[in-house]
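Here the structure comes first, spelled out in structure tokens, and everything after it is commentary.
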Amino acid sequence: MSLLRGNPYDAFDHLATMVAVLKADGRCVYANAAFEAVLGLPRRALQKSRMFDWFVESHLLQSTFRAVVDNEYSTGRLEALLRRAPGNNGDPLPVHAIVTQIDHGEQVLLELVEIEQQSRQDRETRTLDQVRVTKELIRNLAHEIKNPLGGIRGAAQLLEMELDDKSLTEYTQVIIHEADRLQALVDRLLAPHRRPHIVAEVNIHEVLERVRSLVLAEFSKGLVIVRDYDASLPEFRGDREQLIQAVLNITHNAALALTQRRQDGDARIVLRTRAARQVTIDRTRYRLALDLHIEDNGPGVPAEIRDRIFFPLVSGRDGGSGLGLTLAQDFIQQHHGLIECESEAGRTVFKIQIPLP
């Protein structure tokens, strides 16, 4: 394998992981854009330094590097602490380091993966797998429930017509009412699979302004919704109504969770948009993505359901259907995106990422 033809390193700038090409003595030949961003140093400065200066207690890394250079083995892996510039969140960063021999031992490729990033990717994979299984389960279960419900309702209506004692119709009305309620629930479960996907150019800030006006119309007292928009974000192809519904479901849930804060007059929701670069979603790499955060200062998602909030019929609120976040995740996935949640007392953030052109 040779990395010396043409301009061999340009492709590394498209990676989210940190990559450096090193000489056998540890001097840096090349560092990619991710390395620059994380260390907080320009590429020229990195190329004048030795790899071992970038790490806290680099003895194990040096011995692994030397073993790879001496061809004792072709690849070495270890955990390490990466130094960062004082002005760039100067705390050391835990990383998983992969040291690989290239160019017949003349050079070494160093790849660093943030341990938190790896954990996030593993968590994302689990979430997506769970969502797919859940979606299929919902569809099958809803269809199984739908047909018997119609029979139950019809039988209750016929029974009501045959009753001589009209006081007993109270009971048949309960059956009909509950059958209708379950039918409405099934319809909501099946809604994402029935409605056609209407794709057009979407401005995410128009979507957020629509959601903001709807929520403030319902919760007019004690709630502030703060705009924190990146006006440079491009439009993208999407289903505007689905996006409005997804963001509305999350924001409405946040407003409901802020009941005490609203009574105290200090309830706050922040709608924040940013551009994220070199993002991986569902094992696919995207050059640019929308990073949309919906943050509130409420009590947080209950710990016992935090890992299951996107599952159907899971709700932390009395009387909640437990479908709002399930549908939101489904709608965002139809845009090749993903929703994640971080929550603690006093701060909950729902993070939506959608690829951008």
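Which of the residues spanning segment 33-56 are more than 34 Å from the chain's Cα centre (by Cα) and assigned to a loop (DSSP other than H, G, I, E, B)? Listed by number, the residues that qualify are LYS48, SER49. For segment 269-292, check the following and say yes or no: at least one residue is more than 17 Å from the chain's Cα centre (by Cα), over 28 Å from ALA184 (Cα atoms), touching a residue at least 40 places away in the same chain (Cβ under 8 Å) and crowded, with 19+ Cβ neighbours inside 10 Å. Taking every residue of segment 269-292 in turn, at least one turns out to be more than 17 Å from the chain's Cα centre (by Cα), over 28 Å from ALA184 (Cα atoms), touching a residue at least 40 places away in the same chain (Cβ under 8 Å) and crowded, with 19+ Cβ neighbours inside 10 Å. Taking segment 156-177 on its own, how many of its residues are touching a helix residue (DSSP H, G or I) at 6+ places or on another chain (Cβ under 8 Å) and either hydrophobic (A, V, I, L, M, F, W, C) or outside any helix (DSSP H, G or I) (or both)? Qualifying residue count for the region: 5.
Just a yes or no: is a residue in segment 102-115 modelled with pLDDT under 70, touching a Lys or Arg at 6+ places or on another chain (Cβ under 6 Å) and not aliphatic (A, V, I, L, M)? No - not one qualifying residue is present in segment 102-115. On the basis of being in the same structural domain as GLN333 (by TED's automatic domain parsing), closer than 20 Å to ARG274 by Cα and loosely packed, with under 15 Cβ neighbours inside 10 Å, does ARG212 make the cut? For ARG212, the condition - in the same structural domain as GLN333 (by TED's automatic domain parsing), closer than 20 Å to ARG274 by Cα and loosely packed, with under 15 Cβ neighbours inside 10 Å - is not met.
Checked against (1) over 22 Å from the mean Cα position of the chain (by Cα); (2) of a type in the set (Gly, Ala, Ser); (3) surrounded by 14 or more Cβ atoms within 10 Å (Cβ to Cβ), GLY238 meets all criteria but (1).
Restricting ARG66, ARG44 to residues that are free of Cβ contacts under 8 Å to residues at least 24 places away in the same chain and exposed (fewer than 13 other Cβ atoms within 10 Å of the Cβ) narrows the list to ARG44. For segment 274-281, indicate whether the set of residues that are assigned by TED's automatic domain parsing to the domain that holds HIS336 and at pLDDT 90 or above is non-empty. There is at least one residue in segment 274-281 that is assigned by TED's automatic domain parsing to the domain that holds HIS336 and at pLDDT 90 or above. Within segment 316-340, the set of residues being modelled with pLDDT under 70, of a type in the set (S, T, N, Q) and crowded, with 17+ Cβ neighbours inside 10 Å is empty. State yes or no: is GLU162 more than 30 Å from LEU141 (Cα to Cα) and under 26 Å from the mean Cα position of the chain (by Cα)? When the stated conditions are applied, GLU162 does not pass them.
Do we find that ASP291 is assigned to a helix (DSSP H, G or I) and at negative phi in this structure? Spelling it out, it is not the case that ASP291 is assigned to a helix (DSSP H, G or I) and at negative phi. Within segment 244-286, the set of residues being of a type in the set (S, T, N, Q), in a strand (DSSP E or B) and farther than 21 Å from VAL199 by Cβ comprises GLN278, THR280. Taking residues in segment 238-267 that are over 13 Å from THR348 (Cα atoms) and without any contact (Cβ under 8 Å) to a residue 40 or more places away in the chain, and partners anywhere that are outside any helix (DSSP H, G or I) and of a type in the set (S, T, N, Q), the pairs with Cβ atoms closer than 7 Å and at least 6 places apart or on different chains are ARG261/ASN297.
The values are calculated or read from the model by the stated rules, or taken from the named source; none is laboratory data. Note that the coordinates shown come from a computational prediction; the quantities given were computed from them, not determined experimentally. Every residue, glycine as well, gets a Cβ built from its backbone with ideal geometry; the counts of neighbours run over all protein chains shown.
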